[in-house]
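Participant: Here it is: the structure, laid out below.
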Amino acid sequence: MSPRAVDPRHRVAEELRRSIGGLSTAATSRMAADLPWFRELSAEDRSWVGMILQAGVRGFVDWFETDDLARGPAIATSVFGAAPRALAGVITLQHTVELVKLSIEVVESNVEALVSPEDTDDVRRAISRYAREVAFATAEVYARAAEVRGAWDARLEALVVDAVLRAETDEAVLSRASALGWKARGTVCVVLGAAPARRTETDVFDEVRRVAGPAGMDALCAIQGERLVVLLGGVADPRQGASMIAELFGDGPVVVGPVATDLAGAAVSARAAVSSYRAAPGWPDAPRPVLSAELLAERALGGDGHARRELVDEVYLPLLHARGALVETLSAWLDRGSSIEGAGRALFVHPNTVRYRLRQVADLTGLTPGQPRDAFTLQIALVLGRQSSRVTEPVPDHGEGRGHPGAVDAASDSA
């Protein structure tokens with residue numbers, strides 16, 4: 001008789017091996033009776049679970065027979081290797097823990113009927129060790145699956161953000177965003193700044209979502225080169241929304257594009273944000289975050305045609321078409337170093353008339369001439385408006401207070 005034939009561990013392993021089928025069947029029956037989620041699985045998935053059970057019991061027997069208990073078994077491959085990767089998306093980690101626990105209970109409850117009494121204690125101790133290894137292997141399988149899903153989600157998220165920046169937001173992009181958990185049906189704005197140093201993408205993105213979520217905002221993120229781009233959904237106030245995540249960006253300016261009605265229209269916000277980020281160094285003292293509308297002058301000087309058009313349409317033309325020679329008054333005031341009296345003398349009007357017209361400028365444009373930043377933007381708008389040649393500046397109405405330098409029109413009196 002060979003030494004292997006009389007080896008007690010080999011003898012016990014043979015006894016256990018003959019019972020693999022019966023143990024697997026008993027465990028499957030227990031699961032069908034005790035685990036509601038198992039009964040809801042498809043026949044194919046239940047079959048895969050049964051194969052995992054058999055592989056687990058067979059792996060334990062083989063490991064026990066080697067008499068090398070100091071070395072942990074290669075559970076992840078031997079037990080879970082046969083199962084399709086998609087099964088990890090059907091059975092949750094909690095379900096797998098329940099499955100392992102029940103299977104171990106079934107094996108332990110049948111040990112006395114399967115092996116000799118003198119071998120029972122050794123087998124129970126081995127089962128305990130094997131169960132621990134299975135637990136570690138289970139965690140490893142799900143951790144790898146989560147890592148793969150995380151990597152795929154990160155690529156998908158980057159594709160969505162890139163499509164918005166490229167103005168290629170079609171139904172496929174909207175579907176991808178929905179798959180990533182984007183629920184915002186309302187306003188969207190784009191926030192852009194430097195990517196933080198010494199932090200992983202996953203860490204930064206999770207932190208952005210952790211801050212945005214409690215405020216009722218959705219967030220999709222991507223790092224493009226040295227820039228961090230964030231799409232914020234459900235934004236009521238773009239400055240307030242961006243302020244909540246501004247500290248998560250790296251050093252330098254953080255810019256916010258205008259609010260778009262939905263994700264499909266967010267390309268307008270993205271375009272303004274990208275242009276503003278390039279132009280932001282022209283205003284070193286800009287607030288953080290800074291709105292793209294606050295950088296119109298710098299964007300126009302940097303060659304942004306949309307910013308130039310907006311300054312002409314929203315600033316210059318309303319002033320040109322307004323009553324009271326506002327363009328002429330603003331130009332005279334700027335050309336004379338913001339001097340009310342100097343502008344009045346040049347226009348032959350009372351200083352109060354100049355003040356009144358400058359207030360009209362502020363009412364029409366939202367830009368206050370007395371504020372240095374607003375005055376700078378107004379001056380750029382005047383230059384661009386004259387260069388556009390879209391309209392002819394009307395002839396100044398010098399009849400208003402022209403007869404005497406001290407005359408004041410009725411409107412300025414009432415003001």
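The values are calculated or read from the model by the stated rules, or taken from the named source; none is laboratory data. Keep in mind that this is a model prediction, so the values were computed, not measured. When we count neighbours, we look across all protein chains shown, and the Cβ atoms used for this are built from the backbone with ideal geometry, even at glycine. Each accessible area value is taken on the protein alone, full model and side chains, heavy atoms only, with ligands, DNA and RNA left out. Shrake-Rupley method; radii C 1.70, N 1.55, O 1.52, S 1.80 Å.
Participant: Report the charge-dipole magnitude of the range 313-368 in Debye, nearest 20, computed about the Cα centre from +1 at each Lys and Arg Cβ and -1 at each Asp and Glu Cβ.
Facilitator: The calculated dipole for the range 313-368 is roughly 260 debye.
Participant: In whole angstrom, how far apart do the alpha carbon centroids of the range 236-275 and the range 305-359 sit?
Facilitator: Cα centroid of the range 236-275 versus Cα centroid of the range 305-359: 32 Å apart.
Participant: Please get the size of the charge dipole for the range 246-371, origin at its Cα centre, with Cβ charges of +1 on Lys and Arg and -1 on Asp and Glu, quoted in debye to the nearest 20.
Facilitator: Charge dipole, the range 246-371, about its Cα centre: 400 debye, nearest 20.
Participant: After finding the eigenvalues of the alpha carbon gyration tensor for the range 149-225, what semi-axes result from the square roots of 5 times each, listed largest first in whole Å? Show your work: numbers first, answer last.
Facilitator: Working: eigenvalues 70, 46, 34 Å².
The answer is 19, 15, 13 Å, longest axis first.
Participant: Any chance you could run the full-extension gain for R239 through S116? It's 0.36 nm times the residue separation minus the Cα-Cα distance, nm to one decimal.
Facilitator: Length gained, R239 through S116: 36.7 nm.
Participant: Highest mean first, how do 34-47, 207-220 rank when packing is the count of other Cβ atoms within 10 Å averaged over residues? Spell out each step's value before the answer.
Facilitator: On the way: 34-47: 12.9, 207-220: 17.8.
Going from most to least packed, we get 207-220, 34-47.
Participant: Could you please put R355, R323 in sequence from largest to smallest accessible area, using a 1.4 Å probe? Write down the numbers at each step before the final one.
Facilitator: Numbers: R355 90, R323 180 Å².
Result of the area sort, largest leading: R323, R355.
Participant: Rounded to two decimals, what is Rg over Rh for the range 236-344 when you use alpha-carbon atoms and the Kirkwood radius?
Facilitator: 1.07
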